[in-house]
Structure formats: structure tokens, C-alpha cells
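**Student:** Just dropping this structure here.
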Amino acid sequence: MIHLICTLEPARIDWLPQLVAHYRELGVEQFLFSLQQEPSVDEATRNQHLARFAAQLRALGCDKAFSLVAPYDVWALRRHHDSLQDQFVRANDWIVWCDSDEFQVYPLKLPALTTECADKGIVMLRGVMLDHIAADGSLPPFDPARSVWDQYPRCCNVTVMLARAETRKVALSRGNIRLDVGNHAALSGETYTTAKGWVQIHHFKWHAGVLSLLAFRVQPEWRAKCAWWEESQRLLDYFAANGGRFKLTDLQTIPLDGNNLLAIPE
């Protein structure tokens, strides 16, 4: 079975229809979505968000909706995902690991691709994030009635050039493989057979809500826990200097036909 494990915040519930449709078309069979909410939010509001989340998933044909009430923390998230992996995933299954703003693209449908990988002893596929922004460099709000690809069509390298952050992640792995925080690698010290090339992870972070997200990630409590808070500060400084938008000349367009992207396993 091919599972998808993903946790999102209430602001991302409206993204679910496009996210589920994308991954269902790829061949994901079971969706294990969780809603993360801050304990500081009052219980009535949290219950309202959770009810909307569960109703949206039911409308999309997803029968499971999980809740994580905890401060946003990559280690708490890792423990939660490990728990879901233990409960629902068998060793020979496969897991798509994604965030709610990540739309992965593969050279084959996942059932065929995982069969080829299994035949060749490949147990993990790595991916690289490809940022998407609006054509004019602005940060428009997400419109659930329009294709995310149409709203943010320009594919470029925000994460590398401006945040100076890591773009490599584990996109797909066998069910018995544990990942490190952020899904950036297998658990420290473990090595696994993978394929040449990188899965395209199209990254749709750059919308109107990103400024509040970045501001949250430079607060003192976050800074004390996460050394990579400086990535968010670089972006906040950049947007402050550029009127809350990207200068297109600052970003290199990424071609999607390079030899370093994933091909069918040989």
C-alpha cells in the first residue's frame, strides 16, 4: 500500500482538495492527514477547526483525520509521524512524505514506480524543492477555486538564494525507514539504497500567509529551539527591503528538464 503522511495547520485546510487530488492521481491509496493546533488557542476554536478539517477530508473520500495539539515543533511532529507510521504502515508499504505546500512530481505513477524500485532494491527516493511564486513576484492569497499551478507559475530558487536553506528531502520511502526531523534525511547514521536523480518537489509556500508564518518563526521561543530561525529572518529582512514582494531579477528560473531530476530507475 502507498500511504501519505502530512500535518497541516488550520490555514491550510482549503488547500486539501487540490493536494488530495494531486496525490490520488499519482496513486496514493491512504491519506494520513493531521491538523496541528497551538495549545494557546481556546478549545472551542480548536474544535471548530478540527470539525472543518474532518468534514473536508470526508468530502474528499478520506476516512481518517488526526489531531495534534502541541506547539509547532519539528521534534513533536516527528514523534507524531513516527506514531502514525507504527500504527498504519507495514514494512513493505511505501510512504509519501510531504508538507501541505509540497506537490511532488514523478516520472511514473507511484504503483509502477514503487514496483520498479522494489525490483532493484531501491528503498528510498530523494527530492529537491522547487519554489513557486506569482508571475509578478507578489505574495497573493491562495484562491481554492483556482489551480495552484496557475496562481504561482514561476518556478525559481527562493529557498537557496534568499533563505540559504536546505532544499533536499526524502520524498518516498519504504514503510520501515525512519526519517529525521523535517523529512530531510533518513534517521541519523542510517544509509539506504536510493536512485540517481531527484524527485521534483514543487513548493508553494510563497503566498500572502507566509509573512505571519515567518514572523512566528523568529519569536524568542522558536529561536531558542531552532538554530535555523535565521533562515526566516533573512526572508523577513528581504521582504521588508523590497516592499513585501520578490524582485524577479533576484531569482533564477529553474528548468525542469535537467539530468539531475529523477528518471525511471534503470
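**Student:** Report the gain in length on full extension from M161 to N47: 0.36 nm times residue separation, minus Cα-Cα distance, nm rounded to one decimal.
**Tutor:** Using 0.36 nm per residue and subtracting the Cα-Cα distance, I get 37.1 nm.
**Student:** Report the label-to-label distance for E25 and S188 in nanometres (one decimal), using points 7 Å from each Cα along the Cα→Cβ vector.
**Tutor:** For the pair E25/S188, the computed spacing is 4.0 nm.
**Student:** Give me the extension gain from Q252 to W228: residue separation times 0.36 nm, minus the current Cα-Cα distance, reported in nm with one decimal.
**Tutor:** Full extension of this stretch gives 6.3 nm more.
**Student:** Report D for the chain in µm² per second (integer): Stokes-Einstein, Kirkwood Rh on Cα pairs, 37 °C, 0.692 mPa s.
**Tutor:** Stokes-Einstein gives a translational diffusion coefficient of 170 µm²/s.
**Student:** Still on this structure: By per-residue mean of other Cβ atoms within 10 Å, what is the highest-first order of 208-215, 141-148, 19-26?
**Tutor:** 19-26, 208-215, 141-148
**Student:** Quick one: Cα centre-to-centre distance for segment 31-83 and segment 155-188, in angstrom?
**Tutor:** One Cα centre to the other: 22 Å.
**Student:** Averaging over all projection directions, find the projected area of the Cα convex hull of segment 37-105 and quote it in nm² with one decimal place.
**Tutor:** 6.0 nm²
**Student:** Using mean Cβ contacts within 10 Å as the protection proxy, how do 87-97, 57-67, 186-196 order, highest first?
**Tutor:** Highest-to-lowest ranking by the protection proxy: 87-97, 57-67, 186-196.
**Student:** Then there is this: Give the relative contact order (percent, whole number) for the chain; include only Cα pairs under 8 Å separated by 6+ residues.
**Tutor:** Relative contact order, the chain: 22 percent.
**Student:** Shifting gears a bit: Please list, ordered by chain and number, the residues whose modelled amide H lies under 5 Å from the amide H of H184; skip anything fewer than 5 residues away on the same chain.
**Tutor:** V170
**Student:** Between F204, F216, F103, which gets the highest mean-square fluctuation from a Gaussian network model of the chain, Cα cutoff 10 Å?
**Tutor:** F216
**Student:** Multiply the residue gap between L236 and A11 by 0.36 nm, knock off their C-alpha separation, and tell me the result in nm, one decimal place.
**Tutor:** My answer for the length gained is 79.0 nm.
**Student:** Same structure, new question: Where both partners of a DSSP beta bridge lie in the chain, what percent of those bridges are antiparallel, to the nearest 5?
**Tutor:** Antiparallel bridges: around 45 percent, rounded to the nearest 5.
**Student:** Starting from the 7 Å offset along Cα-to-Cβ, what nm value, one decimal, do you get for the label separation of R168 and F88?
**Tutor:** 2.9 nm
**Student:** At 222 nm, what value in deg cm²/dmol follows for the chain if DSSP H runs of at least 4 each add -39500 (n - 2.57) and the sum is divided by all its residues, to the nearest 500?
**Tutor:** Rounded to the nearest 500, the figure is -9500 deg cm²/dmol.
**Student:** Now, a different point. If the viscosity is 0.692 mPa s and the temperature 37 °C, what translational diffusion coefficient in µm²/s does Stokes-Einstein give for segment 85-132 when Rh comes from Kirkwood over Cα pairs?
**Tutor:** 262 µm²/s
Throughout, read-outs are computed from the coordinates displayed, never taken from laboratory work. On a predicted model such as this, the values are computed, not experimentally measured, just so you know. No Cβ is skipped: glycine too gets one built from the backbone with ideal geometry, and neighbour counts run over all protein chains shown.
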